[in-house]
Amino acid sequence: MLNKFEDLNDIQLDVLKEIGNIGSGNAANALSSMIGKSIEIEMPSVKILGFQEAIEQNGSPEDVVGAVLIRLKGNIEGMVLLIIEEDFAELVLETFFGADPLNGKLLEFDEGRKSALAEVGNIMGSSYVNAISDLSQLKIDIELPSYTADMLGAIMSVPVIEFGEVGDKLLCIDKKMRINGVSVKSNMLLIPTVESLTTLFGKLGVQ
């Protein structure tokens, strides 16, 4: 049984990367169908990060970003966190609202735009988690997504507070994407607990 993320071996990290790849592919396909744009994803990375490192991977603590947070329950616990930057929001929201000067101002979104981004996160997160569930045959329940806009440091503090393990480390499986050939900075992070990884590896027969 794993006691901390630093105990993960190379085989286990490779398995997590492949799980991230499958989940990300499903999420990208779901987003593509929803907004009618082509989506390309990079190979996900698997990193064990401290709080400050997790922030630095996604920008500066003072950067204003949007985020959709989906908590996971059942055999796998943790969260999916979609970090939304202005370029991602603009490309996605123009599908529903057309070109709009508010698209680049995350803190000024009305309830309609917030709801649209929450639904985008819900569809992507559900597709991501369903791929993992199908692969492992584990039951994974997801809570209703919540959308917020805040400084990156404040948003990244949520998984650290809720799921930070020994030494305040997080295991982050992340991926970046291109929408209609345009690279966007927004990332989707799968942040599981140590106990969940033990369950997952056991089900997959990975030592």
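Rule-based calculations on the coordinates, nothing more; no lab input. Everything numeric here is computed off the predicted structure, so don't read it as measured data. Cβ atoms come from the backbone with ideal geometry, glycine included; neighbour counts cover every protein chain shown.
What FRET efficiency comes out for Leu204 versus Glu162 if R0 is 25 angstrom and r is the Cβ-Cβ distance? Round to the nearest 0.05. Numbers along the way, then the final one.
Numbers: r = 25 Å, r/R0 = 1.00.
So, using R0 = 25 Å, E works out to roughly 0.50.
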Just to confirm the number: angle between the C-alpha axis of helix 111-136 and the first principal axis of the chain, 0 to 90 degrees, nearest 10?
30
Give, in nm to one decimal, the length gained when the segment between Glu195 and Val182 is fully stretched (0.36 nm per residue of separation minus the Cα-Cα distance).
0.9 nm
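What ranking do Asp174, Asp87 get, fewest neighbouring Cβ atoms within 10 angstrom at the top? All intermediate terms of the calculation are to be shown ahead of the outcome.
On the way: Asp174 22, Asp87 16.
If I rank by nearby Cβ atoms, fewest first, I get Asp87, Asp174.
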For Cα extents along the principal axes in Å the list reads [x] 62, 48, 35; [y] 46, 36, 35; [z] 51, 33, 28; the calculated value is entry [z]
Label-reachable residues, the range 117-157, where backbone N falls under 13 Å from a point 7 Å from Lys73's Cα toward its Cβ
140-145
Can you tell me the 0 to 90 degree angle between the C-alpha axis of helix 194-204 and the longest principal axis of the chain, rounded to 10?
70
Kindly put Val15, Val92, Val80 in sequence by how many other C-beta atoms sit within 10 Å of each C-beta, fewest to most.
Val15, Val92, Val80
Using helices alone, I'd like the mean residue ellipticity at 222 nm for the chain: each DSSP H run of four-plus residues gives -39500 (n - 2.57), total over residue count, nearest 500.
-15000 deg cm²/dmol
Once you put a point 7 Å from the Cα of Ser45 and another 7 Å from the Cα of Glu94, both along the Cβ direction, what distance in nm separates them?
2.8
Quick one: length gained pulling Val64 to Leu144 fully straight, 0.36 nm per residue minus the C-alpha distance?
26.5 nm
Number of Lys pairs in the range 5-202 with C-alpha atoms less than 16 angstrom apart, excluding same-chain neighbours closer than eight positions?
12
When Ile48, Ile173 are ordered from fewest to most other Cβ atoms inside 10 Å of their Cβ, what list results?
Ile48, Ile173
